[in-house]
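J.: Shown below is the structure under consideration.
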There are 2 protein chains.
Amino acid sequence: MADLLADEGRRFIVASHQNPDGDAIGSMLGMGRALTAAGRDTVLWHPDPDPVPAELAFLLAPGERIRADPPADAAERTLLALDCASAARLGDRPPGELARLVVNVDHHHDNTRFGDVNLVDGAASSTAELVLRLLRAAGLPLTREVAEPLYVALVTDTGRFGYANATPEAHRAAAELIEAGVEPAPVSRRLYEERPLDSVLLLGRALAGARSLLDGRLVLGVLAEADFAAAGTDDTEGIPEALRGVRGAEVAALAREVPEGWRVSLRAAGDAVDVSAIVRETGGGGHRAAAGGTFPGSLEELLPWLERAVAAQLDG
Amino acid sequence: MADLLADEGRRFIVASHQNPDGDAIGSMLGMGRALTAAGRDTVLWHPDPDPVPAELAFLLAPGERIRADPPADAAERTLLALDCASAARLGDRPPGELARLVVNVDHHHDNTRFGDVNLVDGAASSTAELVLRLLRAAGLPLTREVAEPLYVALVTDTGRFGYANATPEAHRAAAELIEAGVEPAPVSRRLYEERPLDSVLLLGRALAGARSLLDGRLVLGVLAEADFAAAGTDDTEGIPEALRGVRGAEVAALAREVPEGWRVSLRAAGDAVDVSAIVRETGGGGHRAAAGGTFPGSLEELLPWLERAVAAQLDG
């Protein structure tokens with residue numbers, strides 16, 4: 001597969017999934033910059049109207065662009081699909097109809113191998129680790145500009161090297177990226193010490209009112225309309241995870257007042273509980289560790305329902 | 001120096017500094033366990049009445065003990081002083097009077113080289129990295145029980161691999177410790193997701209009332225006696241650092257009501273400001289990045305004083 005990248009005449013689309021995270025954006029920018037620096041005609045594409053989340057916008061260089069639509073000459077290009085477990089993650093149109101060749105580079109265990117060529121390794125910490133492996137094999141230079149987004153991808157996907165995917169290989173990749181010029185301290189400050197004041201005020205309100213239920217196994221934060229008004233924002237990013245940090249919490253819940261009732265976001269600590277099952281009866285969804293749904297009643301009705309539903313999962 | 005550890009007849013005291021942090025405790029336990037497993041007569045000593053901070057207590061195995069006083073036969077032992085920049089960090093009595101041989105293993109730039117033998121490397125991320133290097137050189141086995149405290153030392157001293165000392169070598173050491181059996185996810189949860197509910201409630205109160213001063217360059221949290229009473233704790237650990245996470249903050253301050261007035265803890269974001277200079281006029285102390293002092297007046301008097309003192313440092 002590295003031969004494809006080393007092929008000097010080849011033109012590329014570097015793409016990643018909708019609703020992108022650090023690994024999606026970081027892998028795209030790292031791969032795209034390495035190919036462009038090596039003289040390959042390369043465009044970045046992302047099937048999302050608002051492609052770069054605000055907390056990752058610092059990664060984009062001035063003038064660097066991620067297209068919301070594929071280029072007109074897509075049919076003549078090789079599409080590198082990064083961090084996409086299935087073709088559907090790239091939008092409604094099958095990537096095989098779009099590009100000349102589809103190369104699928106991903107670390108999700110359940111990847112559907114939708115590419116003409118597939119580099120799928122479920123043991124890799126992140127797609128960025130696979131991109132680094134490919135760049136090395138293709139002999140493309142690892143400059144600081146290439147290394148920095150890959151490092152951000154690695155840090156965010158491994159939860160600051162705190163999740164189970166913080167493997168020896170993930171650490172060795174980090175070592176290589178730092179040797180290429182990445183400075184961990186400013187990157188870490190950009191990622192984790194740049195929360196706007198209004199969001200901090202809202203986080204504070206959620207934590208200051210946190211409730212311990214089910215003997216501490218469930219920790220609940222509640223944000224009513226008055227809290228959003230007082231803080232001046234409705235940005236709840238990271239609040240469920242902060243609630244999960246309470247000692248003894250097996251499930252953390254954030255209930256937000258919405259016009260239809262209460263929007264509940266759930267997070268599991270550890271692998272023992274499947275929180276997506278808790279919200280299923282409300283029509284919600286998600287996966288084992290993180291899920292959400294909307295409860296149509298009042299807060300007084302929500303609390304006993306939530307306690308019962310979480311208890312059923314904890315005991316089941 | 002590795003020869004000393006490999007010497008089968010030698011008896012050891014493994015020691016570290018007062019007011020110990022993760023690197024002190026982790027390095028001691030790692031070194032002590034490796035020597036004990038290799039059959040060396042080894043005791044752990046720590047010149048502190050309360051030697052292991054609560055958040056690190058999980059590292060101690062059942063029955064594992066860190067002495068508060070040196071053993072009676074200290075004069076016949078080799079003292080391994082870990083993570084001590086000077087002999088004074090081990091207490092009032094000079095270590096050379098205590099033990100037969102003093103071996104100084106440390107990563108602080110300003111280490112005074114007080115040992116009979118000195119392994120001082122200011123470029124090392126942590127003392128744990130040096131301990132790992134020594135164990136390897138001495139051929140002592142790196143079991144999971146030895147690797148886990150060294151890993152905790154590395155994680156805490158590099159700020160989850162987010163500080164400038166998260167070097168390539170630090171990551172390669174982490175890789176080696178994980179290969180020895182450390183599981184990053186449960187360790188990370190123990191370190192960072194085990195905050196007692198009352199401390200979370202107090203953190204919430206500080207964040208919910210955070211004030212932006214000096215055009216956002218100073219972020220201040222205020223905790224009055226009523227806040228401590230409502231939360232049910234006076235544990236402010238980590239609160240100044242959380243305030244520093246506000247976007248734009250160059251200095252974070254936490255003011256706590258105490259009988260004498262207001263105790264102010266300061267943290268700098270980045271290296272541009274020396275916060276110890278801010279509290280010097282109140283008789284406080286600390287270092288560039290973290291300092292504290294007690295202000296004898298009311299909150300109404302504290303605010304203009306703090307704004308003026310911080311502004312002087314920011315502009316100076």
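A short reminder: the numbers here are calculations on the coordinates, not readings from a lab. None of the values given here were measured: they were computed from a predicted structure. Don't worry about glycine lacking a Cβ; one is built from the backbone with ideal geometry, like all the others, and counts go over all protein chains shown.
J.: Tabulate in residue order the Karplus-calculated ³J(HN,Hα) for region B:63-68, using 6.51 cos²θ - 1.76 cosθ + 1.60 with θ = phi - 60°, rounded to whole Hz; enter x for Gly and Pro.
T.: These are the phi-based 3J(HN,Hα) values: x, 6, 10, 10, 6, 8 Hz.
J.: About its Cα centre, how strong a charge dipole does region B:2-192 have in debye, to the nearest 20, once Lys and Arg get +1 and Asp and Glu get -1 at the Cβ? Please report the intermediate quantities before stating the final value.
T.: Working: 18 positive and 28 negative charges, 45 e Å.
Here region B:2-192 has a charge dipole of around 220 debye.
J.: Additional query: Considering only DSSP beta bridges whose two residues both sit in region A:2-192, what percent are antiparallel, to the nearest 5?
T.: Numbers: 0 of 19 bridges.
Once the DSSP bridges in region A:2-192 are tallied, antiparallel ones form about 0 percent.
J.: Now for a separate question. Binned at 20 Å from 0, what are the whole-percent values of the Cα-Cα distance distribution for chain A, short to long?
T.: Taking every Cα pair in chain A, the percentages come to 30, 52, 17, 0.
J.: Search the structure for amide H atoms under 5 Å from the amide H of residue A:247, placed 1.01 Å from N in the peptide plane, and list their residues when 5 or more places away or on another chain.
T.: For residue A:247, whose amide H was placed from the backbone, the distant partners under 5 Å are B:195, B:197.
J.: Another question about this same structure. Where the centre of each part is set by its Cα atoms, how far does region B:109-144 sit from region A:122-179, in angstrom?
T.: Using only Cα atoms, the two centres lie 28 Å from each other.
J.: While we're here: Of the GluC sites (Glu not before Pro) in region A:242-280, which ones lie in a loop per DSSP and count no more than 16 other C-beta atoms within 10 Å?
T.: The qualifying sites are A:260.
J.: Ok, one more. What is the local net charge at residue B:201, summed over the other residues whose Cβ is closer than 13 Å to its Cβ (Lys, Arg +1; Asp, Glu -1)? Kindly include the intermediate steps, with their values, before the conclusion.
T.: Numbers: positive: A:205, A:211, A:247, B:195, B:205; negative: B:198, B:227, B:234, B:235.
Net charge around residue B:201: +1.
J.: To continue, here is another question. Over the protein assembly as shown, what is the percentage of antiparallel beta bridges among all DSSP beta bridges, to the nearest 5? Display every interim value, and only then the final one.
T.: Numbers: 38 of 90 bridges.
Percentage antiparallel, nearest 5: 40.
J.: Per-residue ellipticity at 222 nm for chain A, helices alone: DSSP H runs ≥ 4 residues times -39500 (n - 2.57), over residue total, nearest 500 deg cm²/dmol? All intermediate terms of the calculation are to be shown ahead of the outcome.
T.: Values: 12 runs with 119 residues, N = 316.
Taking each H run of at least 4 residues, the total per residue is -11000 deg cm²/dmol.
J.: Along its principal axes, what span do the Cα atoms of the protein assembly as shown show, with the longest given first and each in whole Å?
T.: Here the spans come out as 80, 58, 57 Å, largest first.
J.: May I ask for the net charge around residue B:61, where only other residues with Cβ less than 9 Å from the Cβ of residue B:61 are counted and Lys, Arg are +1 while Asp, Glu are -1?
T.: Numbers: positive: B:33; negative: B:64, B:145.
Overall, the nearby charge balance is -1.
J.: Just counting partner chain Cβ atoms within 10 Å, what average do the residues of peptide A:205-214 show around their Cβ?
T.: Working: counts 5, 4, 13, 13, 4, 5, 2, 4, 0, 0.
Going residue by residue through A:205-214 and averaging, the value is 5.
J.: May I ask you to report, in nm to one decimal and beginning with the shortest, the distances from residue B:9 to the same position in the other copies, taking label points 7 Å along Cα-to-Cβ?
T.: Label-point separations across copies, in nm and ascending: 7.7.
J.: Amide H of residue A:119 versus every other amide H placed in the peptide plane: which residues, excluding those fewer than 5 positions away on the same chain, fall under 5 Å?
T.: A:104, A:105, A:106
J.: Right, next: Can you give the local net charge around residue A:288? Use residues other than it whose beta-carbon is closer than 9 angstrom to its beta-carbon, Lys and Arg +1, Asp and Glu -1. Each step should come with its number before you reach the end.
T.: On the way: positive: none; negative: A:271, A:274.
Once all neighbours under 9 Å are counted, the net charge is -2.
J.: What is the mean projected area of the alpha carbon convex hull for region B:197-315, to one decimal in square nanometres? All intermediate terms of the calculation are to be shown ahead of the outcome.
T.: Details: hull surface 26.3 nm².
With the hull built on Cα positions only, its mean projection is 6.6 nm².
J.: Something else now. Taking a label point 7 Å out from Cα toward Cβ, give me the nm distances from residue A:304 to the same spot in the other copies, shortest first, one decimal.
T.: 5.7
J.: In whole Hz, what ³J(HN,Hα) sequence does region A:127-137 give by Karplus (6.51, -1.76, 1.60; θ = phi - 60°), x for Gly and Pro?
T.: 5, 4, 4, 5, 4, 4, 4, 5, 4, 4, 5
J.: Peptide B:24-31: average number of partner chain Cβ atoms within 10 Å per residue? Could you put the intermediate results ahead of the total?
T.: Values: counts 0, 0, 0, 0, 0, 0, 0, 0.
Rounded to a whole number, the mean comes out at 0.
J.: Next question. Work out the mean other chain Cβ neighbour count within 10 Å for the residues of B:243-251 and drop it here as an integer.
T.: Details: counts 1, 2, 7, 9, 9, 3, 5, 0, 0.
Per-residue shielding by partner chains comes out at 4.
J.: Shortest first and in nm to one decimal, what separations exist between residue B:41 and its copies in the other chains, measuring from label points 7 Å along the Cα-to-beta-carbon line?
T.: Computed spacing set for this position: 7.9 nm.
J.: I'd like the Karplus ³J(HN,Hα) series for region B:35-48: coefficients 6.51, -1.76, 1.60, θ = phi - 60°, whole numbers in Hz, and an x wherever there's a Gly or Pro.
T.: The phi angles translate into 5, 4, 4, 7, x, 7, 6, 9, 10, 9, 9, 8, x, 8 Hz.
J.: Another question, then. Round to the nearest 10 and give me the degree value, 0 to 90, for the angle of helix A:168-179's Cα axis relative to the longest principal axis of chain A.
T.: Tilt relative to chain A: about 60 degrees.
J.: By how many degrees, 0 to 90 and rounded to 10, does the Cα axis of helix B:197-208 deviate from the longest principal axis of chain B?
T.: Approximately 40 degrees, to the nearest 10.
J.: For the pair residue A:298 and residue A:217, what calculated FRET efficiency results from E = 1/(1 + (r/R0)^6), where r is the Cβ-Cβ distance and R0 = 25 Å, to the nearest 0.05? Please report the intermediate quantities before stating the final value.
T.: Numbers: r = 24 Å, r/R0 = 0.95.
It comes to 0.60.
J.: Quick one: P(r) of region A:52-182 from all Cα-Cα pairs, 10 Å bins, percents rounded to integers, in order of increasing distance.
T.: 12, 37, 39, 11, 0
J.: Mind jotting down the distance between the C-alpha centroids of region A:9-60 and region A:296-313, whole Å?
T.: Each part's Cα centre sits 42 Å from the other's.
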